[in-house]
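Below is one structure, written out as structure tokens; comments come after it.
The values are calculated or read from the model by the stated rules, or taken from the named source; none is laboratory data. Predicted model only: the values in this text are computed from it and were never measured. Here Cβ is always computed from backbone atoms with ideal geometry, including for glycine, and neighbour counts include all displayed protein chains. Surface accessibility is based on the protein's heavy atoms, side chains included, excluding ligands, DNA and RNA. Shrake-Rupley method; radii C 1.70, N 1.55, O 1.52, S 1.80 Å.
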Amino acid sequence: MAMIDTELVAERLAIVRDRIARAGGTDVQVMGVTKTWGIDAVRAAATVGCDSVGENYAQELAAKFAGEVGLPPVHFIGRLQTNKVRLVAPFVDVYETVDRGSLAAELAKRAGDATVLVQVSTDTDPDKGGCPIAAAPALVDSCRELGLVVAGLMTVGPTEGGPEAARPGFRAVRTLLDRLGLAVCSMGMSDDLEVAVQEGSTQVRVGSALFGPRPSPASRDRAAPPHAE
Ligand SMILES: *Cc1c(COP(=O)(O)O)cnc(C)c1O
């Protein structure tokens with residue numbers, strides 16, 4: 001696995017914070033997204049002062065964080081199957097991807113008064129998860145009835161079309177956040193964080209801009225020249 005250079009991560013975090021400031025952000029938290037990286041990336045995120053770390057995959061998270069102490073808050077940001085809640089519950093502080101009642105019910109059962117964000121879909125890609133924006137207020141209510149603490153909303157911008165393509169969705173999520181009186185607006189990643197901050201993000205989730213290209217089999221496959229397949 002690729003090595004993490006903590007000094008380089010510190011420099012990159014400064015660049016990310018500068019990008020946020022230039023976009024007009026004054027109180028925006030930075031999550032270090034450490035999926036596919038080892039625990040050394042998580043420790044680096046902690047050392048350089050990321051406000052939280054984010055993980056996408058249940059099995060990877062449980063293996064990576066077992067026995068680790070003194071880390072920043074751990075946020076689950078991937079699609080979460082109900083049968084994986086029990087596996088990740090000992091390690092996760094905030095569940096950002098609650099997009100259906102069945103998941104909320106399982107979290108209430110296994111993680112009690114867990115802090116959650118309701119994930120809203122602002123894209124047509126079903127793989128990203130998220131409930132339709134019109135369904136979000138009712139889901140927020142159900143989460144609360146189950147005893148979960150709803151801190152805010154989360155969304156993932158579209159993969160295609162560049163950062164500007166994310167703007168209308170980000171704006172809609174922030175408008176809903178204000179209407180519901182919620183505080184945490186988790187939106188913006190390495191490539192679209194300026195647009196997210198301009199539209200009122202309170203937390204950006206940053207992976208590659210901090211740690212470099214991810215060492216995932218998927219990205220290696222995509223990068224492979226056609227003749228290699
Ligand atoms: C991977 C991921 C990120 C970080 O993506 P980068 O483009 O590397 O910054 C943020 N949010 C979610 C939900 C992700 O899956």
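Of all residues in region 124-147, exactly one satisfies the criterion of being modelled with pLDDT under 95 and open to solvent by less than 20 Å² (accessible area, probe 1.4 Å), namely GLY129. Take the conditions in a helix (DSSP H, G or I) and in contact with a Leu (Cβ under 6 Å, 6 or more places away or on another chain) and apply them to ALA62. Does it pass? The answer is yes for ALA62. Identify the single condition in (1) without any contact (Cβ under 8 Å) to a residue 60 or more places away in the chain; (2) among the charged types (D, E, K, R); (3) assigned to a strand (DSSP E or B) that GLU96 does not satisfy, given that it satisfies every other one. Unmet condition: (1).
For region 14-27, the criterion of being within 16 Å of the ligand (Cβ to nearest atom), within 19 Å of ALA63 (Cβ to Cβ) and either touching a strand residue (DSSP E or B) at 6+ places or on another chain (Cβ under 8 Å) or part of a strand (DSSP E or B) (or both) is satisfied by no residue at all. Residue-level analysis places SER121 outside the set of residues that are away from the ligand (no atom under 15 Å from the Cβ) and over 29 Å from MET3 (Cα atoms).
Being within 21 Å of GLU106 (Cβ to Cβ) and surrounded by 13 or more Cβ atoms within 10 Å (Cβ to Cβ) is the filter here; which residues of region 148-185 pass it? Those that are within 21 Å of GLU106 (Cβ to Cβ) and surrounded by 13 or more Cβ atoms within 10 Å (Cβ to Cβ): LEU148, VAL150, ALA151, GLY152, LEU153, MET154. Scanning region 38-58 for residues that are open to solvent by 30 Å² or more (accessible area, probe 1.4 Å) and part of a helix (DSSP H, G or I) returns ILE39, ASP40, ARG43, ALA46, THR47, VAL48.
Residue by residue, here is whether (1) in contact with a His (Cβ under 8 Å, 6 or more places away or on another chain); (2) away from the ligand (no atom under 16 Å from the Cβ) holds:
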| position | (1), (2) |
| --- | --- |
| MET31 | yes, no |
| THR34 | no, no |
| TYR57 | no, no |
| THR82 | no, yes |
| SER102 | no, yes |
| LEU117 | no, no |
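Could you tell me whether LEU177 is away from the ligand (no atom under 12 Å from the Cβ), touching a strand residue (DSSP E or B) at 6+ places or on another chain (Cβ under 9 Å) and not in a strand (DSSP E or B)? Yes; evaluated as a whole, the condition is true for this residue.
Filtered by the rule that a residue be crowded, with 21+ Cβ neighbours inside 10 Å, more than 14 Å from ALA41 (Cβ to Cβ) and in contact (Cβ under 8 Å) with a residue 24 or more places away in the chain, region 59-77 gives HIS75, ILE77. The requirement of being touching a helix residue (DSSP H, G or I) at 6+ places or on another chain (Cβ under 6 Å), of a type in the set (S, T, N, Q), buried (at least 19 other Cβ atoms within 10 Å of the Cβ) and in contact (Cβ under 8 Å) with a residue 40 or more places away in the chain is not satisfied by THR6.
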